[in-house]
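The values are calculated or read from the model by the stated rules, or taken from the named source; none is laboratory data. Predicted, not measured: the structure shown is a model, and the values here were computed from it. All Cβ positions, even for glycine, are placed from backbone atoms using ideal geometry, and neighbour counts span all protein chains on display.
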């Protein structure tokens, strides 16, 4: 087939999901709204952030939610030079696994620095909250180097 | 469900019960040779099927291959615009982004001479009167609105002819029509 005659059409696929959160993720989201981070305790005392309803190893139901710190350590990261249209962030940023103080599992969020030279595995970061929070993961605007947030 | 213990700081607050998690993908669809051939003729108000080189089964719409055998299907046949309902579903619950009046019927339409069906709307038929085996015909858009799009056919409506027997409707008909060994 002649390539010039080839058909093509734009497709947009969109699902406007709203999902119910359940008692554990719901409490986590409530925490975000109140600008605190909640994890959940496993039987061995370690803490999962974000919390899950069940222990990922033993499948035992977990019930003990605890507040963890708002500062933590970057355990690994990558640089996003050109965020896609759907990204919550418009400018270049890092995506990092962040181990919050008091948590035993790192979770993924953005670190808002201007260039990759400002990123380092092991660096300390802290949460930058949005002014208005509503109970959504994007209540966290991102993380910033710890000193910067205290400045 | 076990009782969840939350820190006292949020205990008495109204709990979050749901979150918005919209998903959106934008991409360009480039149909293959079979789908292009189908779409070009569809714009001429013709419906093409593909003929399996293995056993002559007629597959509508053409996908380029007989999926049972991985065999290339490059022979096309023009199909009639009539068929029957192989199975159907009545939807009573609205879906965001779908503007159809409730209740509506979606059905697997088996064109006369086709060995597989495709999903489409059935209308001009009260849901309680819809039946497996009911004979239907295509209702096309006005000629000046026909294009290379699946939207050419607005819906399928009953023809009023006698039904196909239940045992011959849809995929049940394989046992009647063929050698009974089809695993399509």
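What the table shows:
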read-out	value
Hey, residue A:9 loosely packed, with under 13 Cβ neighbours inside 10 Å and either within 12 Å of chain B (Cβ to nearest Cβ) or closer than 30 Å to residue B:40 by Cβ (or both) or not	yes
Of the criteria (1) touching a helix residue (DSSP H, G or I) at 6+ places or on another chain (Cβ under 6 Å); (2) surrounded by fewer than 17 Cβ atoms within 10 Å (Cβ to Cβ); (3) touching a residue at least 60 places away in the same chain (Cβ under 8 Å), which one residue A:35 fails	(1)
Lone unmet requirement of (1) surrounded by 13 or more Cβ atoms within 10 Å (Cβ to Cβ); (2) assigned to a loop (DSSP other than H, G, I, E, B); (3) more than 7 Å from every other protein chain (Cβ to nearest Cβ) for residue A:28	(2)
Test for residue B:48: is it within 14 Å of another protein chain (Cβ to nearest Cβ) and under 20 Å from residue B:140 (Cβ atoms)	no
Criterion: under 24 Å from residue B:55 (Cβ atoms), surrounded by fewer than 11 Cβ atoms within 10 Å (Cβ to Cβ) and at pLDDT below 95 - qualifying residue of B:181, B:168	B:181
Residue that is nearest to residue A:128 (Cα to Cα), among those in the stretch A:31-49 that are in contact with a strand residue (DSSP E or B) (Cβ under 8 Å, 6 or more places away or on another chain) and either more than 12 Å from chain B (Cβ to nearest Cβ) or at pLDDT below 95 (or both)	A:49
Filter result (more than 14 Å from the chain's Cα centre (by Cα), under 19 Å from residue A:29 (Cβ atoms) and without any contact (Cβ under 8 Å) to a residue 24 or more places away in the chain) within the stretch A:101-134	A:131, A:132
Verdict on residue B:16 being buried (at least 16 other Cβ atoms within 10 Å of the Cβ), more than 23 Å from the chain's Cα centre (by Cα) and at pLDDT 90 or above	yes
Strands (runs of 3 or more DSSP E) contained in the stretch A:98-151 and holding at least 3 residues over 26 Å from residue A:46 (Cβ atoms)	A:140-145
Matching residues in the stretch B:2-45 - criterion: being more than 7 Å from chain A (Cβ to nearest Cβ) and part of a loop (DSSP other than H, G, I, E, B)	B:12, B:14, B:32, B:43, B:44, B:45
Test: residue in the stretch A:75-89 that is touching a residue at least 40 places away in the same chain (Cβ under 8 Å) and in a loop (DSSP other than H, G, I, E, B)	yes
Qualifying residue in the stretch A:92-99 (condition: more than 16 Å from the chain's Cα centre (by Cα), farther than 23 Å from residue A:21 by Cα, surrounded by 13 or more Cβ atoms within 10 Å (Cβ to Cβ) and in contact (Cβ under 8 Å) with a residue 60 or more places away in the chain)	no
Flag for residue A:52 being under 18 Å from the mean Cα position of the chain (by Cα), away from chain B (no Cβ under 13 Å) and surrounded by 14 or more Cβ atoms within 10 Å (Cβ to Cβ)	no
Flag for residue B:95 being assigned to a strand (DSSP E or B), assigned by TED's automatic domain parsing to the domain that holds residue B:170 and closer than 30 Å to residue A:17 by Cα	no
Flag for residue A:43 being part of a loop (DSSP other than H, G, I, E, B) and either farther than 23 Å from residue A:23 by Cβ or under 18 Å from the mean Cα position of the chain (by Cα) (or both)	no
